[in-house]
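Since the structure comes first, as structure tokens, the remarks are kept for the end.
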Amino acid sequence: IAEVKAFCEERGADIEKLLASKAFQKVALIEDATKAIVLKDAKAVEGPLDESVDKILINDESKRKYLVLAENVNRLFRAIKPDPSVNEFLPVCALIAVIADKTRTLTPPADISKVMSGVEALLDRSIAPEEYLIRELPESFRTDLSKVDFEALRKKFETGRKRMEAERLRGLLNTKLLQMYNLNHARIDYLEKFQRMIDDYNAGSINIEEFFKRLVDFARGLKEEEKRGIAENLSEEDLALFDLLTKPEMKLNKKQEQEVKKVAKELLETLKREKLVLDWRKRQHTRAMVRLCIEQVLDKLPEVFAGDLWQKKCDLTYQHVYDSYYGEGRSIYAAAQS
């Protein structure tokens, strides 16, 4: 507890003041404490936390350190129970936990940096073990960018707690981006761009206003990407296969693009109708049937897909199908719609 208090006090968050406050005051004070915990340089803050705090950069390492300290307090608190002496520590432990929970609510549980670090390994695998898949996020973390009012978001940022608003938007985008990447790995460029923004901000290369502006611009781009399938007359799973076949090296004319779209739709329809039976990934002969079906349908691709390129696309397509379709109508796309 003393370690947590010292950590917070260095950043301008007074735990004793929070404990002494009346119930109706605690919500606002906890907001301030949470805000202080995510600051890079608390020494620049003197006296009450005010709008000057928003000029100080957020540091992810500082947030992580607080959450580790808070979890240690929580673990020790639970270890003491049910000894009656636990009551002595209940108020301060509860407060530390509330601040930690408030901090966690600003961003979703997934850490995009872990996704980025595993991308190369994922792409290089010849078979797809279950454990590396990015699992479907809970319903409470699903995000619909079409419902986001960016102008209202900007006004709230300008008049409110800028640091908190930027963190909330970052969390929203992190969640949505992971959902979209899970459905279509060709969106790796969006992951890289998003991570670069975060890295630049944490390094102090851009201030809070510029960071928020870039987040909003990125959100608009992500919103357009989310609607691209409609413009291409493709479902989300058709689009994922189309992108896999055409990115990054393919330069196709309109006629060739239409031919690839037709092949992608035909392949998925054939696989789902005839080959993706229950537990197809567990038996060698059903895996072989899926692989053969992929090669037969991809033979209909335009002539520009020839030789080693055709073989590469067959390999990637099989890997994609193995990762995404479990059989009997179950897939990452069916789960996303449920």
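Determine if the stretch 277-297 includes at least one residue that is closer than 21 Å to Asp189 by Cβ, in a helix (DSSP H, G or I) and not aliphatic (A, V, I, L, M).
Scanning the stretch 277-297, I find no residue that is closer than 21 Å to Asp189 by Cβ, in a helix (DSSP H, G or I) and not aliphatic (A, V, I, L, M), so the answer is no.
Kindly list the number of the only condition in (1) over 18 Å from the mean Cα position of the chain (by Cα); (2) over 17 Å from Asp60 (Cα atoms) that fails for Ser205.
It is condition (2) that Ser205 fails.
Among residues belonging to the stretch 1-26 that are assigned to a helix (DSSP H, G or I), modelled with pLDDT under 80 and aliphatic (A, V, I, L, M), point out the one that is farthest from Phe89 (Cα to Cα).
Ala23
Can you tell me which condition Lys313 does not meet? The list is (1) within 21 Å of Lys247 (Cα to Cα); (2) open to solvent by 70 Å² or more (accessible area, probe 1.4 Å); (3) basic (Lys, Arg), and all the others hold.
(2)
Based on what the data block shows, is Phe212 modelled with pLDDT of 95 or more and among the aromatic types (Phe, Trp, Tyr)?
no
Inspect the stretch 250-261 for any residue being within 25 Å of the chain's Cα centre (by Cα), surrounded by fewer than 19 Cβ atoms within 10 Å (Cβ to Cβ) and within 21 Å of Tyr181 (Cα to Cα) and give the result as yes or no.
No - not one qualifying residue is present in the stretch 250-261.
Failed condition for Glu120, given (1) modelled with pLDDT under 50; (2) under 28 Å from Ser338 (Cβ atoms); (3) part of a helix (DSSP H, G or I), with all others met?
(2)
Six or more apart or on different chains, Cβ under 9 Å: which pairs go from a residue in the stretch 61-80 that's under 12 Å from Ala94 (Cα atoms) and part of a helix (DSSP H, G or I) to one that's open to solvent by 80 Å² or more (accessible area, probe 1.4 Å) and among the hydrophobic types (A, V, I, L, M, F, W, C)? Could you list them?
Correct list of pairs: Phe77/Leu90.
Report those helices (runs of 4 or more DSSP H) wholly inside the stretch 173-248 carrying at least 1 residues which are without any contact (Cβ under 8 Å) to a residue 24 or more places away in the chain, open to solvent by less than 40 Å² (accessible area, probe 1.4 Å) and not small (Gly, Ala, Ser).
Per the criteria, 188-203, 236-246.
Hey, Arg273 hits all of (1) in a helix (DSSP H, G or I); (2) basic (Lys, Arg); (3) within 20 Å of Thr246 (Cβ to Cβ) but one; which does it fall short on?
The failed condition is (3).
Looking at the stretch 299-306, is at least one residue assigned to a helix (DSSP H, G or I) and surrounded by 17 or more Cβ atoms within 10 Å (Cβ to Cβ)?
No - not one qualifying residue is present in the stretch 299-306.
The values are calculated or read from the model by the stated rules, or taken from the named source; none is laboratory data. No experiment lies behind these values; they were computed from the predicted model shown. As a convention, Cβ positions derive from the backbone with ideal geometry for all residues, glycine included, and neighbour counts pool all protein chains shown. What goes into the accessible areas is simple: the full protein's heavy atoms, side chains included, and nothing from ligands, DNA or RNA. Shrake-Rupley method; radii C 1.70, N 1.55, O 1.52, S 1.80 Å.
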